[in-house]
Structure formats: C-alpha cells, structure tokens
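Have a look at the structure below, then the notes.
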C-alpha cells in the first residue's frame with residue numbers, strides 16, 4: 001500500500017506540476033504566439049532555446065541551474081538581493097526548474113495549433129472591428145483550444161515525470177522537494193520493492209491515461225514532433 | 001460627386017501597384033482585371049489589410065491613410081465591411097454569433113431591425129443556429145455578406161465573393177447582389193475577373209492591368225473604350241439600363257425602353273416600369289448603311305459611328321452612338337449613363353468594314369440579333 005510519506009510525495013508532485021503548468025501556459029502562450037507570427041531574426045535562436053530541454057540530459061540542465069541559482073550565480077545574487085534567498089533545494093526553485101525543463105511541451109503544441117489558424121480568420125476579425133488583442137482572445141484562443149489542452153496535459157505530465165533535474169536542483173527534502181520519482185528511487189535504494197511498485201504503478205497508470213486522452217479524445221499527433 | 005479617393009504606390013519587386021483613383025460614393029464600382037493585375041491588392045490596401053508605403057485614402061471626407069502625415073488607420077478602426085473570396089466565417093461560432101461578432105464591437109448599434117432586413121434580403125433567417133460547417137458554399141457566402149453589412153459600414157469591400165462557388169451557386173447569389181445593389185445606399189467596391197459579374201453589377205468600372213488602372217469611369221463609358229482590351233475581347237458587350245415598357249403577349253415579346261429608343265426582347269416576366277439591364281454582345285450587332293426594309297431582325301436602330309479599331313482575327317470593332325430621344329430618356333432612370341447617349345459595340349469582319357467604307361461620323365443602322373437580360 002501507499003504510505004503516508006508516499007501520499008505526501010504524490011501531493012507535492014501534483015502541486016509542483018500544477019503551479020509549473022499554470023506558469024508555463026502564462027509564459028508559453030505569448031511566446032508561442034510570437035514565434036508563430038514573427039519574422040524576427042531571433043526566431044531561430046529562441047526556437048532552439050525553447051526546444052533545448054528536449055535533447056539536453058536533465059542533469060546538465062539541473063547542473064547549470066544549480067550554478068546559476070546558487071549563491072555565487074547571477075540569478076542567485078539577484079534573488080538574494082531581492083530578499084528571496086537562494087532557490088536551489090526549495091519548492092520555488094523546483095518550480096522554476098520544472099518550468100524551464102518542460103516548457104517545450106507547452107510551447108510546441110501551442111505553436112502547432114496557432115500556425116494552423118488561417119491568416120484569413122484574423123483578417124476577418126479585424127474587418128469586424130476586433131483589435132489584435134481582442135482577436136487573440138475571441139478567435140485564436142477558442143480555435144486553439146485543443147492545442148491549449150494538449151499543452152497543459154503534456155506540460156503537467158512531463159513535470160510529474162522529471163527526475164534528473166529534481167535531483168540536481170531540488171535534492172531530496174521531504175515535503176519540500178521530494179517528488180514521486182525521487183521517492184521511487186529512495187524505495188528501490190532501500191530495497192522496498194513493494195512500495196516502489198505501488199508508486200511506479202500510479203505513475204504508469206497516470207501517464208498511460210494522459211496519453212490515451214490525448215490520442216483518442218483530443219486526437220493529437222504523437223509527441224515526437226519536437227523540432228517541427 | 002467623388003467620395004472615395006484612393007492613391008497607392010507599392011513595390012514588391014516583381015509586382016508593382018500604382019493607382020490614383022477617384023470613385024463615386026454610390027453604386028457598385030467593379031475593380032476588374034486578370035489575376036496578378038493588382039485588383040485584390042488594391043482592395044486590401046483600402047481595407048488596411050495591407051499597407052502601401054506610399055498612399056492616400058480618403059472616404060467620405062475621412063482620411064484613412066496618408067503616408068505623408070504618417071497616418072494609417074488600422075483595419076479594425078475603419079468603418080468598412082469586407083467580404084472575402086472564401087466566406088471566412090469563424091468556424092467556432094454559429095451563424096448567429098458570427099453575425100453578432102462585429103455588432104458587439106461597434107458603438108452605434110444599427111439595431112435589430114436593420115439586421116432583420118439584411119437577413120431577409122439574403123434569405124438566411126432560417127440558418128441562425130447552424131454552424132458554418134453545416135452550410136453550403138452559397139449559404140456561407142450570404143452569411144458573410146450579411147455579417148459585413150450588419151455593421152452598417154460606410155463602404156462595402158467585396159473580394160471576388162463568387163469566385164470560389166460553382167456555376168449553380170453563383171446563379172443563386174447573383175440575384176441577391178442585384179437586390180442589394182438596389183437597396184444599398186453605400187458605395188460598394190467589388191473585385192472580380194468575371195465579365196458576367198461586371199455586366200450584371202457594375203455602375204462604375206475600373207480596369208486594372210499590371211498594377212495600373214487602364215480605365216476608370218461609368219460602365220458604358222469604360223466598356224466602350226476601344227483602347228482598352230475589354231472592347232476587343234470575344235465577349236465584348238455593352239450594357240444598357242432599360243425599363244419594361246410593354247408586353248406583346250401574342251408574340252411572346254417584351255418591349256423595353258432605354259435612353260435612345262426601344263428594343264424588343266423575348267418575353268420578360270416583370271411588371272411594366274421594372275428597371276432592367278440589357279446586355280448586347282458586340283458579336284450580335286451588325287451594321288447596314290441604309291435602313292433595312294425587309295429583315296427578320298426586330299431591333300434596328302439608327303446610330304452614328306464614333307470609333308473603329310482592329311479586333312482579333314481580322315475583325316473590326318466599331319463603336320456607335322445612338323441619338324438621344326428626348327421623350328424616352330425622361331422616363332428612364334439612367335444610373336449608368338450620365339450623358340444619356342447610348343453607346344454600342346459592333347464586331348464585324350474587317351472586310352465588311354472596308355466594303356461598306358465605314359468611317360467615323362457616318363450615319364448607319366445597327367441590327368441587333370440578340371440580347372440578354374441580366375436581372
């Protein structure tokens with residue numbers, strides 16, 4: 001059975017993934033829209049940066065984040081100056097890392113969805129007196145609804161599944177940074193295979209259901225389209 | 001009475017637009033040209049969907065663009081209606097919500113009465129709850145027209161609204177457009193490459209080629225300009241505004257009056273006094289030096305030659321002017337012809353033109369073999 005410590009890790013994982021997903025949608029939506037519409041020379045660079053976590057080993061990303069956000073890193077100095085302390089090994093730090101790690105899974109479905117919206121629909125809205133911002137909320141968002149759903153689901157699921165970044169940035173602190181994937185690792189290290197089974201089973205079921213929903217209900221294309 | 005002044009210069013390297021047009025503030029102005037002539041670009045510049053670096057646009061005294069003053073009103077601030085080639089309805093909204101999309105965003109709501117009338121006119125009142133995907137192409141385009149008109153725009157811009165429809169659907173919508181034409185009091189700019197639509201709808205005609213306006217003026221004036229390719233085309237024709245004068249039931253004929261006399265047509269199902277557009281193809285017109293006394297052709301009219309040009313394939317295009325008949329012209333509301341003098345094109349062989357010794361200024365008789373009624 002799941003122990004109460006296991007349940008705590010599940011809850012914490014859900015909390016982190018939920019907050020990270022909300023932040024990713026907030027940042028990812030304007031970013032994806034800009035990437036879809038722009039002809040700026042920086043487009044290629046930004047696209048690359050967004051997609052980088054897809055191919056980078058999580059430990060590499062975690063390592064750099066640790067250095068950047070640590071007391072000697074520029075981000076760490078800034079957060080200390082702001083009175084926030086340093087981020088590594090805190091809940092907030094884990095959220096920041098999760099956002100960076102999972103953002104391609106939010107931005108790319110949104111981009112795909114946005115680029116399928118015809119220029120004509122936007123022009124029609126303009127001829128019907130809708131300002132660009134108004135058009136975004138009244139035409140783009142409703143038409144890109146499946147994109148938003150798959151972005152949210154993928155972003156959430158991918159955050160739940162992370163391990164390497166968590167280990168580097170978050171450590172293994174109960175109730176603060178100990179998430180499910182780390183807890184499974186702990187169980188296995190302690191040869192508690194039965195407990196590991198329960199948690200691993202939960203994650204397997206969760207991931208399977210999420211993808212099933214994506215492919216059957218939302219009819220999304222398989223995820224392997226990272227650099228499209 | 002000029003209320004639309006549009007002057008644009010735009011250079012995309014392989015395509016240039018350079019026009020300076022003054023257009024009337026009423027009726028339908030057709031922007032006619034082949035693909036690549038710049039007609040759609042011109043319309044998009046007027047709508048502000050495309051920004052010409054050099055441009056001045058004034059509608060009803062309001063300046064929408066003036067590149068000298070760096071003034072450019074974005075599309076959503078221009079009081080216009082725009083109908084796209086594809087209906088371009090919002091797929092996530094019902095017909096009703098599509099119609100209300102613009103209405104919700106304007107300050108002076110013209111009220112539901114106005115919308116009701118438009119729906120009635122376009123015959124789409126019964127479609128309100130449908131989603132766009134469940135409409136036929138023709139219905140979709142009618143909803144798009146209603147959606148644009150619902151805003152009570154100061155000018156209606158239509159970009160080949162019939163081009164994506166098959167022949168049957170075109171025939172379904174054209175009568176609606178003709179009816180709109182009679183009821184709308186705002187200027188309409190209508191882009192097309194179809195001569196049929198020109199003949200049926202245009203009051204003013206602008207002919208575009210390679211981004212320039214070759215000719216611009218009233219329909220009959222522009223149609224009968226010999227220096228414009230239109231007059232040399234196989235389909236060259238003139239359109240007369242006429243009214244139903246009398247029915248000859250015995251012969252299954254209808255006599256219609258126009259500013260220069262009258263014509264006998266195959267019976268028309270319309271009341272006496274109904275305005276009609278009669279199209280006369282140049283190939284259906286022949287010329288005689290003397291009044292033919294024994295001929296099966298009913299429509300023989302006196303005319304004066306005002307121009308001769310070479311057409312294609314050893315043909316000659318002859319431009320003729322019909323004398324004005326005072327008593328008739330008074331009873332005919334001629335929106336098309338400010339002058340009142342009807343012009344006519346005749347397509348004859350060059351040999352005939354030589355044998356008859358046709359010259360500018362000669363008084364001749366024209367025999368009209370066939371006519372078609374456009375509405």
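Observations, loosely collected:
- Any chance residue A:146 is surrounded by fewer than 18 Cβ atoms within 10 Å (Cβ to Cβ), in contact (Cβ under 8 Å) with a residue 12 or more places away in the chain and within 14 Å of chain B (Cβ to nearest Cβ): yes
- With a requirement of 1 or more residues that are without any contact (Cβ under 8 Å) to a residue 60 or more places away in the chain and within 26 Å of the chain's Cα centre (by Cα), the strands (runs of 3 or more DSSP E) lying completely within region B:279-329 that satisfy it span B:299-310, B:315-321.
Conditions (1) more than 26 Å from residue A:145 (Cα to Cα); (2) modelled with pLDDT of 90 or more, marked per residue:
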residue: B:41; (1), (2): yes, yes
residue: B:47; (1), (2): yes, yes
residue: B:57; (1), (2): yes, yes
residue: B:62; (1), (2): yes, yes
residue: B:79; (1), (2): yes, yes
residue: B:94; (1), (2): no, yes
residue: B:98; (1), (2): no, yes
residue: B:108; (1), (2): yes, no
residue: B:111; (1), (2): yes, no
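Quick grid of which residues meet (1) crowded, with 19+ Cβ neighbours inside 10 Å; (2) not assigned by TED's automatic domain parsing to the domain that holds residue B:180:
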site: B:193; (1), (2): no, no
site: B:199; (1), (2): yes, no
site: B:202; (1), (2): yes, no
site: B:207; (1), (2): yes, no
site: B:212; (1), (2): no, no
site: B:217; (1), (2): no, no
site: B:221; (1), (2): no, no
site: B:225; (1), (2): yes, no
site: B:243; (1), (2): yes, yes
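- The single condition among (1) free of Cβ contacts under 8 Å to residues at least 60 places away in the same chain; (2) within 23 Å of residue B:189 (Cα to Cα); (3) more than 11 Å from chain A (Cβ to nearest Cβ) that residue B:121 does not meet is (1).
- One residue from A:155, A:161, A:171 being out of contact with any helix residue (DSSP H, G or I) (no Cβ under 8 Å at 6 or more places or on another chain), more than 13 Å from every other protein chain (Cβ to nearest Cβ) and farther than 17 Å from residue B:88 by Cα: A:171
- In the set (1) within 10 Å of chain A (Cβ to nearest Cβ); (2) in contact (Cβ under 8 Å) with a residue 60 or more places away in the chain, residue B:105 fails one condition alone, (2).
- Residues that are surrounded by fewer than 17 Cβ atoms within 10 Å (Cβ to Cβ), part of a helix (DSSP H, G or I) and at the interface with chain B (Cβ under 10 Å from one of its Cβ atoms) within region A:105-140 comprise A:119, A:120, A:132, A:134, listed in sequence order.
- 2 or more residues away from chain A (no Cβ under 14 Å): qualifying strands (runs of 3 or more DSSP E) within region B:145-209: B:188-192, B:204-209
- Counting only residues that are assigned to a strand (DSSP E or B), more than 8 Å from chain A (Cβ to nearest Cβ) and in contact with a strand residue (DSSP E or B) (Cβ under 8 Å, 6 or more places away or on another chain), region B:56-95 holds 11 of them.
The values are calculated or read from the model by the stated rules, or taken from the named source; none is laboratory data. Just so it is clear, the structure is predicted and the values come from calculations on it, not from any experiment. For neighbour counting, all protein chains shown are included, and Cβ atoms are generated from backbone atoms with ideal geometry for every residue, glycine included.
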